[in-house]
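Novice: Below is the structure I would like to discuss, written out as C-alpha cells.
Nothing in this text is a laboratory measurement; each read-out follows from the coordinates by a stated rule. Just so you know, these numbers come straight off a predicted model, no measurement behind them. Neighbour counts are summed over all protein chains in view; Cβ atoms, including those assigned to glycine, are modelled from backbone coordinates with ideal geometry.
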Ligand SMILES: [Zn+2]
C-alpha cells in the first residue's frame with residue numbers, strides 16, 4: 001500500500017520508546033509464550049494466544065528505555081520509505097483512525113482510537129512485561145498496540161522491502177482489529193484454551209484479519225481526519241497479492257509443517273493459511289459487515 005507523497009499526518013496516537021503501566025496479570029491479545037524460532041514469532045504477529053504475557057518476564061533495567069516520545073509531523077513520502085517504520089506506523093494510524101471513526105459512527109457506536117507504542121527489545125505494559133520474543137500484540141487494559149522494531153526488521157528480511165511495508169501495515173491493521181473487538185465486546189467471546197479450526201480463538205483471529213482487509217479496501221475511500229484527501233492510494237493487484245501471501249505465510253497449518261511436526265488442526269489458534277486468506281479477502285471485498293466470524297456456521 002502506498003501513501004500519497006504529499007500527505008501530512010497529525011495523529012498523536014503513535015509513540016516510540018519505553019512503555020508504561022504497572023506489570024500485571026491481565027491477558028494480552030496477540031502475544032504468546034517465549035519462543036525462539038523466528039517463523040513461530042512471525043505467526044504471532046497476527047496471533048491471539050491467550051496464554052498471555054508472562055508477568056514475571058525479566059526486564060533488564062539497564063536497557064529499559066525511559067519514557068516515550070510522541071511521533072508527529074511525518075509526510076506520506078517518509079511513510080513510504082522502507083527504512084522509516086515510525087512514519088509508516090504514524091501514517092497507518094492516521095488512516096485507520098479516520099476509517100474506524102467513520103465506520104463506528106455510521107453504526108451508531110462510540111469509539112476512541114487505541115494508542116500505538118513502538119518499542120525496542122522490551123517494554124512494560126498493563127498486561128505485564130514483554131520482550132521481542134512475544135511479537136506485536138494488543139493489550140486491552142491499556143487500549144494500546146505494542147510493536148517491536150527488531151521484530152519488524154526480521155519480518156523485512158522475510159518479505160523484502162516492499163512486501164515488508166505492506167506486512168507492517170497488515171500487522172497494525174490486524175492489531176487495530178483486536179481493539180475494535182475489545183470496543184464492541186466481541187473479544188469477550190474468546191474462551192481461554194479453546195483451540196481448533198472452528199474455535200473462538202480462531203474466529204477472533206480471522207475477524208481481525210477480516211477487519212484488516214476491510215481497512216485495506218476502505219482506506220483509499222476515507223477522507224483524512226480533517227476532511228482532506230485519503231492518505232493512502234488504492235492498493236494495486238500486486239499489493240493485494242502480497243498481502244494474501246503474508247496471510248498464507250502465517251497460517252497455522254503451514255507453520256506446523258515448517259516446524260517439522262505434522263499438521264494438527266486441533267492445535268490451531270490463528271487459523272489455516274486458507275482460512276486467513278479467505279477472511280482477509282472477505283473483508284476486502286465485503287467490508288466490515290462481512291466480518292461476523294462468530295455467527296458463521298463455518299469459518
Ligand atoms: Zn491477532
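Novice: Take the Cβ-Cβ distance between residue 297 and residue 157 as r, set R0 to 41 Å, and report the resulting FRET efficiency rounded to the nearest 0.05.
Specialist: Result of the calculation: an efficiency of 0.55.
Novice: For residue 192 and residue 285, calculate 0.36 nm times their separation in residues minus their Cα-Cα distance, and state this gained length in nm to one decimal.
Specialist: Taking 0.36 nm per residue and subtracting the Cα distance, the gain is 30.4 nm.
Novice: I would also like to ask the following. What whole number of Å gives the distance from the Cα centroid of region 284-299 to the Cα centroid of region 136-193?
Specialist: 19
Novice: Right, another one. State whether region 63-135 is rounded, prolate or oblate according to the following rule on the C-alpha gyration tensor (a ≥ b ≥ c being the square roots of its eigenvalues): a/c under 1.5 gives rounded; otherwise a/b larger than b/c gives prolate, and the remaining case gives oblate.
Specialist: In terms of gyration-tensor shape, oblate.
Novice: Rounded if a/c is under 1.5, else prolate if a/b beats b/c, else oblate: with a ≥ b ≥ c from the C-alpha gyration tensor eigenvalues square-rooted, which is region 160-299?
Specialist: Verdict is oblate for region 160-299.
Novice: Can you sort 139, 210, 291 so the residue with the fewest Cβ neighbours within 10 Å comes first?
Specialist: In order of increasing Cβ crowding within 10 Å: 291, 210, 139.
Novice: Follow-up question, since we're still on this one. Do you know the relative contact order of region 142-267, to the nearest whole percent, from alpha carbon pairs under 8 angstrom that are 6+ apart?
Specialist: 21
Novice: I've got another one for you. Packing-wise, with mean Cβ within 10 Å as the measure, how do 3-9, 115-121 rank, highest first?
Specialist: 115-121, 3-9
Novice: Beyond 16 Å, how much of the Cα-Cα pair distribution for region 209-280 remains, as a whole percent?
Specialist: 56
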